[in-house]
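Below you'll find the structure, written out as structure tokens, and then a few comments.
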């Protein structure tokens, strides 16, 4: 029966191409969203996790602000005393502590002025931290050898895109009216916080900003083989003794992962809800189309019944039609979804976020499930009008204008 | 099922005998003459027979045994009401009608007299509000939908005034449609031969909107014949065609009636068609009218 009905249904779908394609389009949008989320979800998760874990599995970052929202602390501009942070080096298992600071400043290069995030730390330890734990390499030039010569290291993006001309090693830039020589430029990391900044020493940063002996955050390196949890507890205890910054957060690799996970699951949840809503919209679309197209074909239904079609035959014709519309929508949705995910990952790549999407990580089982769902959605949405059509008396249907 | 069931066959024939004994039924056309006083009567060995008019009487006399048997189709007190909003329109008001196997029957009558509705009842396209419809002595008025679909598929072939071809299918596909629904094998060679005989050889793969009215109606004829039905029902088959084309269509239908003994029931306004029929049935206001042949001119254009 299916074999003989199939061509009939195809003809009937192709007889009203615009209506059919619009219905299919409605489903495509819903499925596309689901597929984009499915194909990028893992990539996004890994990227965020990777970004947060980039500082290494034996490191702790200390940030001001409550644990529930550490970012607020940084923006709030609370600063630790440098001494309190350096005292942490006395804790057993701590290899060294690098206090860090951030601040925006105007930077001038060849008469062009731009606001740039300055990233300040002592070169002595920070060079080590950067080189060994984050995989940062200098592309050109070298790290400054002392803390007082006016030298700066530029991030990858800062070098290339901030100013109209590419900045070269040895060039002179002016940060807040003080001349600096570019001593090195960094290779690409893929993170805004590192790629789009200018690194200078803490001493010079304080001189520029006028702030005394504060530190926005700190990087703690743990001795290898020491349990990070215990060290973290001791750091927490010792830091709670100081009174400058009440609330602070210790960002351990594990916590960073958890944070990324929870942020991502919220994002994922929202996207899935959006996708489900659009799927429902698609289903209503099929229902609407099937309803009007059944109404439109009432006369033909009468004819088909008059020449011997049973109720079941009419029902089958319409269910095959709506099921097919569902499945075609599903297939196109998956194809366009993968395509869109790929394009999004290309765009993200050009912004330095890599590895969002890979064909290898596509979930083909998920796609099969999607196809089954769209098929069933199609059949169910078609069932109501189709049943109505099938039950009509042929004479009544033939009279329909 | 769950529908009011058919009467058991024994009761049914018993009822019929009683009915026949009490009322005056014209066996030829099926008209109930009980309410009429001046009815033509013929008394024979097998009983007294009543006739609505001369034509029915002369048909009976030519072949009395035939008309004492079971008609192919019998409508018994069939009523059909349509509900249009709050207004109920009574289209058929207790219709009695006999159609005999192999006859070419022309149904005539003014617009709105219930001709087409009666044809729909005969062809099981609609359910009567009340009354019985018998096909070869079997009550088919209360059959389930699927049983009626099967009868429509195998026993009836329909031809409509507006051709009613499926617009998205080619002529050939339209003709194969009844075969698809009856689950029969599609013999492409035979179908091609049929198209050639019908003079539609080059049109088989065209869609309805590419065909002339005559070509569409010829395709519709092929579709009606596809399952080789015993009864062809045509609702004003030439109504939308010029007279030459209409005559051609009618010729095909009549050949089928004469050569292959198919029963042909045609609803028509055309005096020419009515003239050629074996039996004329005249409708007025949801009933048969007496002396059908007298209305041949009145109810046709």
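Readers should treat all values here as calculations from the given coordinates under stated rules, not as data from a laboratory. Since the model is a prediction, treat every value here as computed from it, not as a measurement. FYI the Cβ positions are ideal-geometry reconstructions off the backbone, even for glycines, and counts take in every protein chain you see.
Tabulated data
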{"item": "Residue check for residue B:24: surrounded by 14 or more Cβ atoms within 10 Å (Cβ to Cβ), under 21 Å from residue B:261 (Cα atoms), in contact with a strand residue (DSSP E or B) (Cβ under 7 Å, 6 or more places away or on another chain) and in contact (Cβ under 8 Å) with a residue 24 or more places away in the chain", "result": "no"}
{"item": "Breaking point among (1) surrounded by fewer than 16 Cβ atoms within 10 Å (Cβ to Cβ); (2) in a loop (DSSP other than H, G, I, E, B), for residue B:168", "result": "(1)"}
{"item": "Single unsatisfied condition, residue B:223 versus (1) more than 9 Å from chain A (Cβ to nearest Cβ); (2) crowded, with 22+ Cβ neighbours inside 10 Å; (3) closer than 22 Å to residue B:106 by Cα", "result": "(1)"}
{"item": "Only one of A:262, A:240, A:183, A:196 that is within 24 Å of the chain's Cα centre (by Cα) and without any contact (Cβ under 8 Å) to a residue 60 or more places away in the chain", "result": "A:262"}
{"item": "Yes/no for residue A:313 being in a helix (DSSP H, G or I) and touching a strand residue (DSSP E or B) at 6+ places or on another chain (Cβ under 9 Å)", "result": "no"}
{"item": "Those strands (runs of 3 or more DSSP E) lying entirely in segment A:76-186 with at least 3 residues under 25 Å from residue A:62 (Cβ atoms)", "result": "A:94-109, A:112-120"}
{"item": "Residue in segment A:330-344 that is in a helix (DSSP H, G or I), within 14 Å of chain B (Cβ to nearest Cβ) and in contact (Cβ under 8 Å) with a residue 60 or more places away in the chain present", "result": "no"}
{"item": "Hits in segment B:189-211 - residues which are within 26 Å of the chain's Cα centre (by Cα) and either away from chain A (no Cβ under 14 Å) or surrounded by fewer than 18 Cβ atoms within 10 Å (Cβ to Cβ) (or both)", "result": "B:191, B:194, B:195, B:197, B:198"}
{"item": "Selected residue (only one of A:205, A:199, A:180, A:219 is out of contact with any helix residue (DSSP H, G or I) (no Cβ under 9 Å at 6 or more places or on another chain) and surrounded by 21 or more Cβ atoms within 10 Å (Cβ to Cβ))", "result": "A:205"}
{"item": "Matching residues in segment B:115-145 - criterion: being within 11 Å of another protein chain (Cβ to nearest Cβ), more than 21 Å from residue B:289 (Cβ to Cβ) and within 12 Å of the chain's Cα centre (by Cα)", "result": "B:123, B:124, B:125"}
{"item": "When residues of segment A:284-309 are limited to those that are crowded, with 21+ Cβ neighbours inside 10 Å and away from every other protein chain (no Cβ under 14 Å), the one nearest to the chain's Cα centre (by Cα)", "result": "A:285"}
{"item": "Some residue of segment A:387-394 being outside any helix (DSSP H, G or I), within 14 Å of chain B (Cβ to nearest Cβ), crowded, with 18+ Cβ neighbours inside 10 Å and touching a strand residue (DSSP E or B) at 6+ places or on another chain (Cβ under 9 Å)", "result": "no"}
{"item": "Residue tally, condition surrounded by fewer than 23 Cβ atoms within 10 Å (Cβ to Cβ) and either under 17 Å from the mean Cα position of the chain (by Cα) or assigned to a strand (DSSP E or B) (or both), over segment B:230-248", "result": "4"}
{"item": "Of all residues making up segment B:102-113, the number that are in contact with a helix residue (DSSP H, G or I) (Cβ under 9 Å, 6 or more places away or on another chain) and either surrounded by fewer than 19 Cβ atoms within 10 Å (Cβ to Cβ) or within 14 Å of chain A (Cβ to nearest Cβ) (or both)", "result": "1"}
{"item": "Sole exception among (1) within 14 Å of another protein chain (Cβ to nearest Cβ); (2) more than 27 Å from residue A:2 (Cβ to Cβ); (3) surrounded by fewer than 17 Cβ atoms within 10 Å (Cβ to Cβ); (4) touching a helix residue (DSSP H, G or I) at 6+ places or on another chain (Cβ under 6 Å) for residue B:186, by number", "result": "(2)"}
{"item": "Tally of residues being in contact with a helix residue (DSSP H, G or I) (Cβ under 7 Å, 6 or more places away or on another chain) and within 17 Å of residue B:34 (Cβ to Cβ) across segment B:53-64", "result": "1"}
{"item": "Test: residue in segment B:149-165 that is in a loop (DSSP other than H, G, I, E, B), under 15 Å from the mean Cα position of the chain (by Cα) and within 14 Å of chain A (Cβ to nearest Cβ)", "result": "yes"}
{"item": "Meets criteria (within 14 Å of chain A (Cβ to nearest Cβ), free of Cβ contacts under 8 Å to residues at least 40 places away in the same chain, in contact with a helix residue (DSSP H, G or I) (Cβ under 7 Å, 6 or more places away or on another chain) and not in a loop (DSSP other than H, G, I, E, B)) for residue B:175", "result": "no"}
{"item": "Options A:357, A:365: the member that is in contact (Cβ under 8 Å) with a residue 24 or more places away in the chain and either away from chain B (no Cβ under 14 Å) or part of a loop (DSSP other than H, G, I, E, B) (or both)", "result": "A:357"}
{"item": "Test: residue in segment B:266-288 that is touching a helix residue (DSSP H, G or I) at 6+ places or on another chain (Cβ under 8 Å), in a strand (DSSP E or B), within 14 Å of chain A (Cβ to nearest Cβ) and closer than 22 Å to residue B:28 by Cβ", "result": "yes"}
{"item": "Residue check, residue A:274 closer than 30 Å to residue B:221 by Cβ, in contact with a helix residue (DSSP H, G or I) (Cβ under 7 Å, 6 or more places away or on another chain), in contact (Cβ under 8 Å) with a residue 40 or more places away in the chain and away from chain B (no Cβ under 14 Å)", "result": "no"}
